[in-house]
Amino acid sequence: MRHNLKSHKKLALLGASVAIGALALSGCGNQKGQGNDEADSGSGGDGDVTIALLLPESKTTRYESLDKPNFEKYLKEANPDAKVEYRNANQDATQQQQQVEAAVTEGVDAIVLDPVDASAVSSALSKAEAKKIPVISYDRFFEGADYYTSFDNKKIGNLQGQAVLDGLKEAGVDPKSGPVWMVNGDPKDPNAADFKAGAEETLKGAGVDIAASHDTLDWNPDDARQWVEGQLQGKGEKPIAIYSANDGTAGGVIAATKKAKGEPVVTGQDAEVDGLQNILKGDQYATIYKSIPPQAEFAAKAAVALAAGEDVDAGTTYKDTPTDFVEAKVVTTDTIKDIVGDQIKAEDICTGKVEKLCADAGVK
């Protein structure tokens, strides 16, 4: 079943179409350069269109190296005349709120937003709604969006939890034989809550003792490292595994456990170069590979459609919002070779001491 825009947004667009009369037939109700002949031909709203792309931070390498360039690529494919106004909030919610407000003031045709803190931009988003500027929730969900694209984040958490169990099995360790710690993501990130919920569901379902849990501020690897170091200095039983919400926090966890000469099973997410190298070195059992181009393509096509006053033909809904999810997969030493391609390059992974490990794993 396919789903369209939320009803209150659709009514606003219909109201706008009545006001502009015959121009609504061109599908350009919210677009600069209304009445463009190419738009009349059903070309997806070609014309002078500006889309604001607002991403949250740059510590996670995917945003600058994958999300931004892929979004720009697919936006040009959807509408060659469209242009991107790009801003990165550098993990600063106040800065991002100002960026949203600036985009509204500039009168962009649509906003694609990956929020640092969804609650902190709510007032700015209300200004966008007042000006009938459609807003796309990209990667992290927030209420009031016209469209959402991401990964099924609770399912990713399930995959991460299962990876912990699989890693323990491969190590010959009974998952009920000792404590497991959880190093979760940023508490301000709604995705982190979904990852945590999915992982907890899977681990508890297998009878695992989750003895300690920590929410990592700003996804900062140093915060993860410091928490694990503090835990390891305690007198309690050492963990048989440490769930880590992404590869950055996994790196902090690994640094702490190596210092304490421990070798728990560690997992991650995002298939970053450091994470993949840690897997090849045997320091990390698994990561989660998320193909960014399909997500960027969903967002770009939706932005063009919404900017033109058109409905988005989405595959499902999430919290009553039209949504398209992208599939993800678990990656271990045996499967790194299968994800090498445009998004992940062997020459980036296979450097220095890792080069021979790449050859052994068939990564080329």
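The values are calculated or read from the model by the stated rules, or taken from the named source; none is laboratory data. Just so we're clear, the structure is a prediction, and the values are computed from it rather than from any experiment. For neighbour counting, all protein chains shown are included, and Cβ atoms are generated from backbone atoms with ideal geometry for every residue, glycine included. SASA here: full protein model, heavy atoms, side chains in, ligands and nucleic acids out. Shrake-Rupley method; radii C 1.70, N 1.55, O 1.52, S 1.80 Å.
Structure values in brief
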item: Compactness relative to 2.2 N^0.38 Å, alpha carbon Rg of region 236-306; result: 1.47
item: Accessible area of SER58 in the full protein assembly, 1.4 Å probe (Å², nearest 10); result: 60
item: Cα-based Rg of the chain normalised by 2.2 N^0.38 Å, two decimals; result: 1.08
item: Mean shadow area of region 177-222 over all directions, Cα convex hull, nm²; result: 3.3
item: Å³ per residue enclosed by the Cα convex hull of region 153-290; result: 89
item: For peptides 275-287, 314-326, sequence by mean Cβ density within 10 Å, most packed first; result: 275-287, 314-326
item: Per-peptide average of other Cβ atoms within 10 Å, ordering 229-236, 340-347 highest first; result: 340-347, 229-236
item: Environment charge of ASN90, counting only residues whose C-beta is closer than 12 Å and scoring Lys/Arg +1, Asp/Glu -1; result: -2
item: Greater than 28 Å apart at Cα, pairs in LYS176/LYS356; LYS154/LYS188; LYS132/LYS155; LYS188/LYS281; result: LYS176/LYS356; LYS132/LYS155; LYS188/LYS281
item: Segments 151-160, 75-84 sorted - mean Cβ within 10 Å per residue, highest first; result: 151-160, 75-84
item: Projected-area mean, region 97-166, by convex hull of Cα positions, square nanometres; result: 5.0
item: Cα gyration tensor shape for region 231-364, rounded if a/c is under 1.5, else prolate or oblate; result: oblate
item: Among GLU297, GLU327, GLU57: highest mean-square fluctuation, GNM of the chain, C-alpha pairs under 10 Å; result: GLU327
